[in-house]
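Below is one structure, written out as C-alpha cells; the observations come after it.
The values are calculated or read from the model by the stated rules, or taken from the named source; none is laboratory data. Worth saying up front: this structure is predicted, and the values here are computed from it rather than measured. Methodologically, a virtual Cβ is constructed for each residue, glycine included, from the backbone with ideal geometry; neighbour enumeration extends over all protein chains shown. Ligands, DNA and RNA are stripped out before the accessible areas are found, and what is left, the full protein with its side chains, is counted by its heavy atoms. Shrake-Rupley method; radii C 1.70, N 1.55, O 1.52, S 1.80 Å.
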Amino acid sequence: MLNVGVIGCGGMGRDHIKRLTERTQGARVVAVADMVDELVQKGAALAGEGCKIYKDAKELIHDPKVDAVFIVTPGFAHKEALLEAIAAKKRIFCEKPLCTTAADCLEVIEAEVKSGLHLIQLGFMRRYDKGYREVKAAIESHNYGEPLMVHCTHRNPEVGTNYDTPMAVHDTAIHEIDVIHWLVGDDFVSAQVLFPRKTKYSHDKLYDPQIMLLRTKSGICVDDEVFVNCKFGYDINCEVVCEDGSIKMPQPLYPTYRKNAQVSTTIDTDCFVRFHDAYDEEVQAWVNEAKDGVIGGPTAWDGYLAAITADALVKAQETRGIEEIKPAMEKPAFYNA
Ligand code: ISE
C-alpha cells in the first residue's frame, strides 16, 4: 500500500484525495496539508479516519509514514515543495505546471538528476485519455504518413474574472503544448499568437479568443484555438493531418437525441467530467509504477519543455511576432532511461 500525503486541498487537491481514496487500487491518503484551515479539514474528511492534518507542507513531506506526495498547491508554491520532497527522496505527483518559471524548472531538474532517483511525475492527464492515445497509436502505425499539421481547439464555457491573457497559455494551452509534443514526438522551435475579434464576454485583462501557433523542428505546424468564454461547453478537439490521411480524435460517447426535427448530443462542461477517466488512469499508473521506482508519465523535463514553450507564447502575445523556443540545456540522459 502506497501511503500518500496530499499538499493542497483546494478543488483539484480534493478531487485527487477522492480519487486516491475511492477509486485507486494500492494507495491511500494518510496525510493532508493546507494553510487554510477550512480546506485542510475538508480534505481530511474526504480521506477518512486516521488522516493526519498539517499546516506546513514540509512537515508532511518529512512524516515517515508518508511514502509519496501529491503537490496540488498553486504553481508558484511548487518549487519549494518539489525540492523538499526530492531531498526527502519521496515519490512525487505534481500537478501542472512544474514551476512558474523555466529557471525554477531547471533547478528542480538538477535536484532530481542529482538524487539519481526518478521521482517526479507531472499531471498532464491528457496523455492518459483514450482518444489522444488512439491518435498517438494511429500516428505511430505509420499508416497515415508523417504528420504535417495539427488543428486543435481548447474551449471552456467561461472563466472567472481573475483569468487574464497570459493564463490562456499557462493555464489552458499548456495542455496542448504537452500533449501535441508527446503525440508527434517532435520539439517546438517557434511560437506566435493571433488575436481574432474579441468576444463581448471577455474583460479588460483578457483577450479572448486567441489562436496559438507552434512550429516543430521538422516543420509540423500546430494551431490551437483557445477560447475560454465560448459559452457552449468544454470542447476539446484535435486533428492530425498527415501525408496519407488525417486522424481526428474521437469525442466522448453520448447518445444522440432526435426531437422536433432536430438531432442533438451532449458536450461536457468541464475538464473533470471530460477527462475523468484520464485523471483516474494517470494516478493509477503512478501508483502501480511506484514499486519499480519508475516514472512512466510526463517527467520534470516535459515540464521544463512546456515552460519554455509557454514563455515563448506569452512573449509572442506581447510582441505579436514569432518567438524562438530553445532549451537552455540538452535533455539530460537521466530522462531517457
Ligand atoms: C484549467 O486549469 C485546466 O486545466 C483545464 O483543463 C483548462 O481547460 C482550463 O482552461 C484551465 O483553466
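Here are a few things to note about the model shown:
- In sequence order, region 239-252 has phi-based couplings of 10, 9, 9, 10, 5, 10, x, 10, 10, 10, 5, x, 8, x Hz under the Karplus curve 6.51 cos²θ - 1.76 cosθ + 1.60, θ = phi - 60°, and Gly or Pro positions carry x.
- Kirkwood radius and radius of gyration were both taken over the C-alpha atoms of region 121-160, and their ratio Rg/Rh is 1.08.
- Mean projected area in nm² (Cα convex hull; one quarter of hull surface) for region 188-237: 4.2
- Direction-averaged projected area, Cα convex hull, region 247-292: 5.2 nm², rounded to one decimal.
- On a per residue basis, the chain carries 47 Å² of accessible surface, using protein heavy atoms and a 1.4 Å probe.
- Cα gyration tensor category, rounded, prolate or oblate, for region 279-334 with a/c compared to 1.5: oblate
- Selected from TYR132, GLN121, ASN143, residue furthest toward positive end of dipole (region 111-168; charges at beta carbon): GLN121
- Considering only LEU194, MET35, ILE247, the residue lying farthest towards the positive end of the dipole of the chain is MET35, judged by Cα position with unit charges set on Cβ.
- Pairs exceeding a 25 Å alpha-carbon distance, out of LYS79/LYS114; LYS96/LYS326; LYS96/LYS198: LYS96/LYS198.
- Translational diffusion of region 75-119 was estimated from the Stokes-Einstein equation, with Rh taken as the Kirkwood radius over Cα pairs; at 10 °C and 1.306 mPa s the coefficient is 154 µm²/s.
- Net length gained if the chain between ALA328 and LYS114 were fully extended (0.36 nm per residue, minus Cα distance): 75.2 nm
- Share of carbon and sulfur in the accessible area of region 261-337 stands at 51%, probe radius 1.4 Å.
- Only Lys, Arg (+1) and Asp, Glu (-1) charged, at Cβ; region 141-194 dipole about Cα centre in debye: 140
- Whole-angstrom gap from region 1-53 to region 129-191, using each part's C-alpha centre: 30
- Computed on protein heavy atoms with a 1.4 Å probe, the accessible areas place SER246, SER190 in the order SER246, SER190, largest first.
- Under the criterion of Cα pairs below 8 Å and six or more residues apart, the relative contact order for the chain equals 19 percent.
- To put it simply, the accessible area of region 73-160 at a 1.4 Å probe is 56 percent carbon and sulfur.
- Were the residues from ASP56 through ILE267 laid out at 0.36 nm apart, the gain over their Cα-Cα distance would be 72.0 nm.
- Size of region 205-335 from its Cα atoms: along the principal axes, largest to smallest, the extents are 60, 47, 41 Å.
- For region 20-118, the C-alpha radius of gyration sits at 1.09 times the compact-globule guess of 2.2 N^0.38 Å, with N the residue count.
- Here the accessible area is traced with a 1.4 Å probe on the protein chains. For region 202-243, carbon and sulfur cover 51 percent of it.
- Dividing the C-alpha radius of gyration of region 1-60 by 2.2 N^0.38 Å, with N its residue count, gives 0.97.
- Over the chain: Rg over Rh, Cα atoms, Kirkwood Rh: 0.97
- Region 112-183 - convex hull of alpha carbons, volume per residue in Å³: 164
- FRET efficiency, GLU243 to ASP164 (Cβ-Cβ, R0 41 Å, nearest 0.05): 0.55
- If you wrap the tightest convex hull around every Cα atom of region 130-253 and split its volume per residue, you get 106 Å³.
- Altogether, the Stokes-Einstein calculation at 25 °C and 0.890 mPa s, with the Kirkwood radius of region 183-275 over Cα pairs as Rh, returns a diffusion coefficient of 152 µm²/s.
- Note on region 1-151: with charges restricted to the Cβ of Lys and Arg (+1) and Asp and Glu (-1), its dipole about the Cα centre is near 420 debye.
- Electrostatic dipole magnitude of region 188-337 [Cβ: Lys, Arg +1; Asp, Glu -1; Cα centre; debye, to 20]: 660
- Burial order of peptide ranges 60-73, 132-145 (average beta-carbon count within 10 Å, highest first): 60-73, 132-145
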